[in-house]
1. Please count how many residues of the stretch B:26-81 are basic (Lys, Arg) and closer than 22 Å to A:His326 by Cα.
2. Take the stretch A:81-118 and flag every residue that is of a type in the set (Asp, Glu) and closer than 19 Å to A:Leu50 by Cα.
3. Considering only residues that are assigned to a strand (DSSP E or B) and over 24 Å from A:Arg277 (Cα atoms), which ones fall in the stretch B:135-146?
4. Can you tell me which residues in the stretch B:304-359 are touching an Asp or Glu at 6+ places or on another chain (Cβ under 8 Å) and aromatic (Phe, Trp, Tyr)?
5. Among the candidates A:Leu291, A:Leu269, single out the residue that is touching a Leu at 6+ places or on another chain (Cβ under 7 Å) and closer than 22 Å to A:Tyr367 by Cβ.
6. Consider B:Ala42 carefully, then state whether it is in contact (Cβ under 8 Å) with a residue 40 or more places away in the chain, among the aliphatic types (A, V, I, L, M) and either surrounded by fewer than 23 Cβ atoms within 10 Å (Cβ to Cβ) or within 14 Å of another protein chain (Cβ to nearest Cβ) (or both).
7. Go through (1) part of a strand (DSSP E or B); (2) free of Cβ contacts under 8 Å to residues at least 24 places away in the same chain and name the single condition B:Asp338 misses.
8. Please go through the stretch B:303-339 and give me each residue that is within 16 Å of B:Leu269 (Cβ to Cβ) and loosely packed, with under 15 Cβ neighbours inside 10 Å, ordered by number.
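The values are calculated or read from the model by the stated rules, or taken from the named source; none is laboratory data. Predicted model only: the values in this text are computed from it and were never measured. Glycine gets a Cβ as well: all are built from the backbone with ideal geometry, and neighbour counts include every protein chain shown. Note: areas computed on protein heavy atoms with side chains; ligands, DNA, RNA excluded. Shrake-Rupley method; radii C 1.70, N 1.55, O 1.52, S 1.80 Å.
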2 protein chains.
Amino acid sequence: MQSPEPMNTADFVNDLPTPAVILDKRRLQANCERMAERARRAGVKLRPHLKTAKCAEVAALATAGQFGGITVSTLAELEYFFDAGFRDMTYAVSIAPVKMDRIERLLTKGARIQILLDSMDTLNELAARPGQYDGAVSVLIEIDSGGHRAGVAPNSMQLIALARRIAEEPRLSLEGVLTHAGHSYHAADDAARKEIAIAERDAVVYAAKRIRNAGLECPTVSIGSTPTALTDIPLDGVTEIRPGVYMFFDLSQAQRGVCTIDDIAVSVLTTVIGHHREAGHLLVDAGALALSKDVSANEFEKRIGYGLVCGTDGNLLRGLYVADVHQEHGLVRSVADDLMFEKFPVGSRLRILPNHACMTVAPYREYHVIESGSASLLCWPKTSGW
Amino acid sequence: MQSPEPMNTADFVNDLPTPAVILDKRRLQANCERMAERARRAGVKLRPHLKTAKCAEVAALATAGQFGGITVSTLAELEYFFDAGFRDMTYAVSIAPVKMDRIERLLTKGARIQILLDSMDTLNELAARPGQYDGAVSVLIEIDSGGHRAGVAPNSMQLIALARRIAEEPRLSLEGVLTHAGHSYHAADDAARKEIAIAERDAVVYAAKRIRNAGLECPTVSIGSTPTALTDIPLDGVTEIRPGVYMFFDLSQAQRGVCTIDDIAVSVLTTVIGHHREAGHLLVDAGALALSKDVSANEFEKRIGYGLVCGTDGNLLRGLYVADVHQEHGLVRSVADDLMFEKFPVGSRLRILPNHACMTVAPYREYHVIESGSASLLCWPKTSGW
């Protein structure tokens, strides 16, 4: 779709089938520039995590001016981004050796893929399996920097044992160490966030130092997570950051002070399908599948529910929130119980800001891209699934 | 894929990429037969809701021996099931008139589609819009039977006003009344569930009686919801039931006593990708996107988390549950803190029973179908999105 005159956003969004994800390109670019500036000042490479956006056009903006490497969370993303021309990818979920077939297929075609592990069992299996790829597979060792989801402790014997074994295996090569401070999402304030960021940095820098002291190479020292990346701590010893949700931001990040609500670049466009005046809610066609059941932004403030409500211009309608969701129904209420039903007739459109962008945008097949104020009428396809 | 000798399930599930949805055909058939028997005994038609399965092969089983009508929740489902040969469909979400274009396209091709509304505004807009379909569109009036999500009260003036207006409009035809007792999902026991089922039935039967007393026709009197459909109350005056999740069942239904855990026909196949012995959990590759963030089965019993864990044979591993999820990680713990890590090596497979099947299976593109005990190696595609 090309139009000689840009339509205004309101016309544009009234023509789309709903639910649909609207992506504000100006905000997306500003968010990408903010993270690029953070990486530049800290002297680290930016390897953006595309598990949120799952979209080549977004990846192009996030890697603009960077070295070009990206991070992914599924084999489907690896294959999609390879087809879109990306070559240097870190698959940042512990590898199951059974998944190596699909990875080696890409390596053989010229991809550079770093895989992740934290156990000798996995390493034994990797080393033992017949490989179709005629080269060494780059391996990162996952470090537990306090999130206690996965990874080995930076001061553990296990770390050095894994590093030695990887370095010795002819079909593996030791790329370095990686951590993800996912628990930073639960930090209540800047001070708590900074404390986690320091622990995240120190864990991998210490792990890398121990590996090097053991006489091994450790070129990559990688940290990730938007909340920790956007603190201002020095990152000496770190070589790269892998944040993802910063491109879009969401209510969860806004609640934690990582961004403002005006930075949020994605919203779910929805149509009003009913009024239930007695029950005090509007019905919209964005429900549990369209918004996800993630309620993470309610951790520190209630009455966010499944999302805050904006007009089609993207401006917040103060006090309106999605109080409940069913599979294909959302129930919009007003905090002050003063919902002006006549302002939102059946058929009118609203935009919902998501709690957690990664969860909300995942099932959609494309982004409808607008520039703030006017529509560019672009449709950017994305991948999904596994 | 066809195999002369059926593989056993364990071999079959070890070859699939994960996460993936496994569908147990024998359980699916038994669940379908149970609901068919309920409809037969109650003397009502069964119009199964396909918002859960979103799959033509499942729809074929659910409509076997029935009149052939189905229920859907999105335009994408309407189009998918039309292409699969289904002709009589109720789109059971309040219509937004802007969506009529896609519906009329199907009507023109020979579909019979019932739409739903509960407001005069919607009706005015429907009547006013230019129609491409050369016939009358069948309309159901939504009744609020106590769920207070949508619908008009059965004793309201509004009901008769809507019915009259629909009957008078040359491009609309009054098909009847419909309700969904979604609040039955929160009924704590059989008695509470039965009470809701009675209220659901009485609301539509009363609404239909009032419409007929006003001299209008009301051929369809439709109720829906698996928990209420599976009570044994008489359904005099009701013409059809529209349950959906009964085909698969899930932990939420099992918790409410609507089924047993052994009736659950869907599970998410996952691969163990790590051990975190210090933190006391296994890591699996089924996380928030693969399982959904629905935790509804925890309403009455804790320690279900994001799902209960089975072996590849589908038998429950007592005490194991998915305690937490991140985007592509699930954390499996043992209730008794006695996780036997050595029984679940990295690369081994598990099957997770979902809290809420509708949420969990939605993003997947297909079902991997097994017969209990042996694999049939079937892959049934499904639709998703809007």
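1. Pass one, the stretch B:26-81, residues basic (Lys, Arg): B:26-27, B:34, B:38, B:40-41, B:45, B:47, B:51, B:54.
Among the residues that remain, those that are also closer than 22 Å to A:His326 by Cα are: B:47, B:51, B:54.
Selection size over the stretch B:26-81: 3.
2. First, the residues of the stretch A:81-118 that are of a type in the set (Asp, Glu): A:83, A:88, A:101, A:104, A:118.
Listed by number, the residues that qualify are A:Asp83, A:Asp88.
3. Of the residues in the stretch B:135-146, the ones assigned to a strand (DSSP E or B) are B:137-143.
Passing the criteria: B:Val137, B:Ser138.
4. Residue satisfying the conditions is B:Tyr306 alone.
5. Values: A:Leu291 fails: touching a Leu at 6+ places or on another chain (Cβ under 7 Å).
Within the list A:Leu291, A:Leu269, the selection yields A:Leu269.
6. Values: in contact (Cβ under 8 Å) with a residue 40 or more places away in the chain: yes; among the aliphatic types (A, V, I, L, M): yes; either surrounded by fewer than 23 Cβ atoms within 10 Å (Cβ to Cβ) or within 14 Å of another protein chain (Cβ to nearest Cβ) (or both): yes.
The answer is yes for B:Ala42.
7. For B:Asp338, the exception is condition (1).
8. Of everything in the stretch B:303-339, those that are within 16 Å of B:Leu269 (Cβ to Cβ) and loosely packed, with under 15 Cβ neighbours inside 10 Å turn out to be B:Asp313, B:Asn315.
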